[in-house]
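Worksheet: one structure, shown below.
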Amino acid sequence: MLALDLLGELIQRGARVSLVGDNFRVTGPRDVLTPQLRADLAKNKGGIVWLLRNLPPTECPNCGNLAMLRWFFTARGWRCWECWRIVPYPMTSRRD
């Protein structure tokens, strides 16, 4: 299962996922983390941490879209589904 799919499944089950240093923390109802889901989370730890660090902004600076799940990846940044403009990824260094 992909990291983005895992995060989506956790959100659908009512869990909260937060980034703590180089690890992530899942909080929520006790029955959220099944043994299979725990194994998938451990397998995709790097991808989940990367996604949490690079999640799109909660609001589009162009149109004010608040639905974070309506964003998608592009090579240059997150694209808003409402106005179709690209919001660049937060980067610490630029390699152009």
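Bear in mind these aren't lab numbers, they're just calculated from the coordinates by the rules spelled out. All values reported here derive from a predicted model rather than from experimental measurement. With ideal geometry, Cβ positions are generated from the backbone for all residues, glycine too; neighbour counts draw on all protein chains shown.
Output wanted: per-residue J couplings in Hz (rounded whole) for the stretch 5-22, from phi through Karplus 6.51 cos²θ - 1.76 cosθ + 1.60, θ = phi - 60°, x for Gly and Pro.
Once rounded to whole Hz, the list reads 5, 5, 4, x, 5, 5, 5, 5, 7, x, 8, 10, 10, 10, 9, 10, x, 9.
What are the ³J(HN,Hα) couplings of the stretch 37-44, residue after residue, when phi is run through the Karplus curve with 6.51, -1.76, 1.60 and θ = phi - 60°? Round to Hz, x for glycine and proline.
5, 4, 5, 5, 5, 5, 5, 10
Using the crude model of +1 on Lys and Arg Cβ and -1 on Asp and Glu Cβ, and no other charge, please compute the dipole size for the stretch 3-53 relative to its Cα centre, in debye to 20.
That gives the stretch 3-53 a dipole magnitude of about 140 debye.
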